[in-house]
Amino acid sequence: MAASLMHKDQFSGLYKEILNPSRNLLKKDFLYSTYSYGDIFELAAGLGKTLSHCGGEKTVCLCTENKALVAAGVLAALTCACRLILPYSFSRNALLEMREAAGFDAAVTDHPEEMPAGVEIIEPSRVSTAAGAP
């Protein structure tokens, strides 16, 4: 039991460290000459607000090739009460399989045409960042 508490404390410490970056880190490039770590955290905050408006118990599919949006989506999922699914492919068939297997109510996607019917589409352009829309 003590080992599991120690493991939980280590995880909690890492979790806090990830969500509280240093000022120096925020200034560094996340993607060369495009997004800084600060931009990613701003995007994550905007995405977190958008996802929290969707409802706390929603399952959200993150369907994008944009690395900045993927990083921001993971950070946003850590801070809000939604579950995040990353599909193995962006094809219509793969997304239908994912919806049947895991279920998702909404999708952050730059491929809305591939989403199954009835999925709430959250377009990346609705989420702003200091560096512009993803």
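The values are calculated or read from the model by the stated rules, or taken from the named source; none is laboratory data. Quantities reported herein were computed from a predicted structural model and do not represent experimental measurements. Counting neighbours? That spans all protein chains shown, and the Cβs are built from the backbone with ideal geometry, glycine included.
For region 30-58, a residue qualifies if it is surrounded by fewer than 16 Cβ atoms within 10 Å (Cβ to Cβ) and either on the phi > 0 side of the Ramachandran plot or in contact with a Pro (Cβ under 7 Å, 6 or more places away or on another chain) (or both), and the qualifying residues are 33, 55.
Whenever a residue of region 81-93 is within 15 Å of residue 65 (Cα to Cα), its partners that are small (Gly, Ala, Ser), lying with C-beta atoms within less than 7 angstrom and at least six residues away or across chains, give the pairs 85/102; 87/94; 88/94. Screening residue 81 against (1) in a loop (DSSP other than H, G, I, E, B); (2) surrounded by 18 or more Cβ atoms within 10 Å (Cβ to Cβ); (3) modelled with pLDDT under 90 leaves a single unmet condition, (2). Out of (1) within 15 Å of residue 104 (Cβ to Cβ); (2) touching a helix residue (DSSP H, G or I) at 6+ places or on another chain (Cβ under 7 Å), what's the single condition that is false for residue 89? Only one criterion is unmet by residue 89, namely (2). Please determine whether any residue of region 59-68 is modelled with pLDDT of 90 or more, of a type in the set (A, V, I, L, M) and surrounded by fewer than 14 Cβ atoms within 10 Å (Cβ to Cβ). No, region 59-68 has no match at all.
If you go through region 91-122 and keep only what is in a loop (DSSP other than H, G, I, E, B), among the hydrophobic types (A, V, I, L, M, F, W, C) and under 16 Å from the mean Cα position of the chain (by Cα), you end up with just 104. Of the residues making up region 84-108, those that are of a type in the set (Phe, Trp, Tyr) and surrounded by 13 or more Cβ atoms within 10 Å (Cβ to Cβ) are 90, 104. If you check 101, 72, 94 for being closer than 27 Å to residue 42 by Cα and of a type in the set (Gly, Ala, Ser), only one passes: 72.
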